[in-house]
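Read-outs: derived from the displayed coordinates by stated rules, not from any lab. Given the structure is predicted, the values throughout are model-derived calculations rather than measurements. Cβ placement follows ideal geometry from the backbone for every residue including glycine, while neighbour counts extend to all protein chains displayed.
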Amino acid sequence: MLKVTNIGKRYGKFIALENINLEVADGEFLAIMGPSGSGKSTLINILGLLDQKYTGEYLLKDKSYKETNDNYLSKIRGDQLGFVFQNFKLLTTYSVYENIEVPLIYSKQKQTNKHALVEDVIKKVGLEGKEKNLPSELSGGQQQRVAIARAIVNRPNLIIADEPTGALDSKTSTEIMNIFTELNKTGTTIIMVTHDSEVADYAMRTVYIHDGHLYDDEKSVKK
Amino acid sequence: MIDKIMMALKSIDKNKNRNFLTMLGIIIGIASVICILAIGDGFTHVATKGMQNHNTKNKVTLEFTASSDEDTKSGFTRNDLAVLEGIKGVDHVKLTSSNPEASVTVQHKTKKTSATLNKSPKKLKLYKGFGTKVDAGDTGNIFISKDLADRAFKGKALNKSLVINDNVFVVRGIYKIGDFEYRPDIYVSKTIFKQLFASQISQDEAKISVNPSASKKAVGKSAVNEMKKFGEDAKLGKYSISHPDQISKSFTKTLNNITYFVAFVAGISLLIAGIGVMNVMYITVSERRKEIGIRRAFGATAGDIRNQFLIESIVLCLIGGLIGILLGYGVVSIINSFLPFKAMVTTYAIIMSLSVSTGVGLVFGFIPANKAAKSPLVGLLKEE
């Protein structure tokens with residue numbers, strides 16, 4: 001799915017990422033663990049094509065998008081990627097249905113298709129009957145379901161989730177992680193950033209990030 | 001596109017009060033422009049209507065201009081009339097005078113002065129004396145202007161005698177001439193005018209009625225040529241075609257220019273309204289950084305974001321424009337009950353107002369919309 005070679009990122013003198021090498025196979029469920037400030041979010045911004053200012057090479061499906069123009073990048077993000085954020089990042093004045101529909105506004109799907117796709121994911125995440133509700137009328141878990149539905153409505157190849165359970169209690173976290181596991185079973189590749197080892201256990205593989213460096217196992221970090 | 005407009009309406013609805021206050025500038029600006037244009041158009045319509053009455057479709061006016069300023073007698077003769085009526089395409093011809101007054105010399109005691117003279121109108125308001133007109137058959141009485149009374153009689157003219165071209169008349173009434181009024185110095189009866197003065201007035205206009213099948217232009221041209229050849233006074237002056245429609249056109253143009261200038265001045269308030277729109281759009285953009293980030297992450301291009309805010313700004317201004325037009329319409333209906341003519345809201349004024357509102361939205365929305373489009377994505381996603 002993706003291959004990262006010697007990626008580095010600096011903010012002035014501060015080194016956010018250094019010599020990152022990572023490969024993720026199609027259909028894999030990868031967890032990236034690390035404390036806050038370790039560079040997790042910086043790394044997934046690069047993987048999610050949200051940040052193009054880095055050194056090294058990043059190939060998504062064997063293609064580098066480093067020199068790609070902004071409009072085409074938007075299209076790739078819309079077609080191939082889906083994002084789930086820690087604080088849900090829903091549009092507060094829009095209904096559940098309208099939030100989920102956002103990625104479809106910018107894709108070239110027909111209107112009838114769009115409706116079917118939205119209805120389909122609403123069922124998948126178990127939000128039937130909540131279509132017209134505003135996010136503020138939903139619980140944290142339900143809001144994160146809306147965010148997941150929005151991330152998968154375009155049927156992306158890769159889902160990037162940044163602390164998807166960070167704002168949820170443990171029971172709700174389990175529900176959300178079960179949805180991710182189901183999605184992964186249907187072939188969707190997932191990269192998830194978390195600081196919670198219980199959540200990371202849902203993934204097939206976990207890598208660790210510390211002070212901008214990536215490690216394959218926890219022991220290496222402690223060295 | 002409809003979904004984008006709906007999206008814009010929704011965002012505008014979210015901050016109703018703020019957006020309404022912003023719109024108020026547009027509303028007042030557009031309403032004033034509508035009112036000014038309506039008054040201007042109404043006045044132009046009334047002012048040119050009179051001209052158009054003289055300018056009936058199938059008429060050509062042939063004019064004679066004497067070479068000498070002092071020559072007041074030459075013009076079209078009866079023979080000329082026959083020649084003109086013989087031209088192909090001419091239905092009939094009427095001879096008239098551009099200045100139907102006679103110039104005369106008047107004398108009171110030994111004092112001589114020149115004056116203009118005409119037949120009495122049907123009704124005249126006198127300043128001194130009795131009656132409202134000089135009767136048609138009256139051969140001895142006249143009315144004179146206060147100005148002439150002052151000049152010839154030092155004011156005391158009533159019931160005194162006045163000699164006009166060697167004929168003696170008695171002044172029975174004195175009238176005042178208003179500032180915007182035109183009247184001759186002396187009014188005589190119809191009979192006296194015909195007997196003594198009509199021959200002095202040259203008939204220097206020939207009003208030619210053209211058959212509907214004939215061309216006005218061609219008839220006018222041959223009339224000029226015929227008169228050059230056969231006109232009895234051809235050597236004393238020039239013949240030409242007058243174009244009253246051109247005069248009314250240039251008059252309309254001048255009036256329109258004045259109206260547009262005043263409307264433009266009112267339109268300056270729209271500039272200030274536009275700055276208000278720009279300000280509110282800046283606020284909107286900075287308030288919705290999170291939304292911009294989300295949309296960009298899920299596939300919106302910078303152009304999509306720019307268009308979203310641009311459409312919002314245009315929709316805001318268009319709503320303001322529409323309310324402004326309605327308000328302008330209302331104000332015009334009210335002022336119509338006070339105006340001596342009818343102010344008219346034309347389709348042109350409505351189309352122009354809508355275009356101006358769209359323009360204001362586009363121009364003043366562009367910079368904030370562009371700012372939204374160009375914000376760096378990573379920073380936007382950090383917003384909560």
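Would you mind working out the magnitude of the charge dipole of segment A:20-119 relative to its Cα centre, with +1 at each Lys and Arg C-beta and -1 at each Asp and Glu C-beta, to the nearest 20 Debye?
So the dipole magnitude of segment A:20-119 works out to roughly 240 debye.
Going down the table (A:Lys130/B:Lys14; A:Lys9/A:Lys123; B:Lys94/B:Lys160; A:Lys9/B:Lys10; A:Lys75/A:Lys185; B:Lys73/B:Lys253), which pairs top 31 Å between alpha carbons? The pairs that break the limit, which is 31 Å between Cα atoms, are A:Lys9/A:Lys123; B:Lys94/B:Lys160; A:Lys9/B:Lys10; B:Lys73/B:Lys253. Site pair B:Lys146 and B:Asp91 shows an inter-label distance of 4.5 nm when each label is modelled 7 Å from Cα along Cα→Cβ. Using a 7 Å offset from Cα along Cα-Cβ at A:Asp211, what residues in segment A:1-45 end up with backbone N under 15 Å from the label point? Residues A:14-19, A:35-39 qualify, since their backbone N sits under 15 Å from the label point. Legend: helices of chain B (whole DSSP H runs) are marked when their alpha-carbon atoms reach 24 angstrom or more along the helix axis and their mean Kyte-Doolittle hydropathy is at least 1.0; marked are B:302-336, B:347-374.
The shape of chain B comes out prolate: with a ≥ b ≥ c from the C-alpha gyration tensor, a/c is at least 1.5 and a/b beats b/c. Relative to the compact-globule estimate of 2.2 N^0.38 Å, the Cα radius of gyration of segment A:1-48 comes out at 1.19.
Distances between placed amide hydrogens fall under 5 Å for A:Gly56 paired with A:Gly8, all partners being 5 or more residues away or on another chain. The mean count of C-beta atoms from other chains within 10 Å of the C-beta of residues in B:298-309, rounded to a whole number, is 5.
Over the Cα atoms of the protein assembly as shown, compute the convex hull volume and normalise it per residue, giving Å³.
Convex hull volume per residue, Cα atoms: 265 Å³.
Straight-line cross-link partners of A:Lys114 among the aspartates and glutamates, defined as a Cα under 18 Å from its Cα and at least 8 positions apart when in the same chain: A:Asp79, A:Glu98, A:Glu101, A:Glu128, A:Glu131, B:Asp3. For chain A, the longest principal axis of the alpha carbon atoms and the long axis of helix A:140-152 meet at an angle near 80°. Each of A:Tyr97, B:Tyr239, B:Tyr127 was scored by other Cβ atoms within 10 Å of its Cβ. Listed from fewest to most, they are B:Tyr127, A:Tyr97, B:Tyr239. Here's the list of lysines a cross-link from A:Lys13 could span, going by alpha-carbon distance under 19 Å and ignoring same-chain residues fewer than 8 apart: A:Lys40, A:Lys53.
A Förster radius of 60 Å combined with the Cβ-Cβ distance from B:Lys235 to B:Val363 puts the calculated FRET efficiency at roughly 0.40. Given C-alpha coordinates of chain A, what is the ratio Rg to Rh with the Kirkwood estimate of Rh? Using Cα coordinates only, the ratio equals 0.97.
Its alpha carbons considered, segment A:163-208 gives a radius of gyration followed by a Dmax of 10.1, 27 Å.
Quick note on segment B:102-186: its Rg to Rh ratio, both from C-alpha atoms and Rh being the Kirkwood radius, is 0.92.
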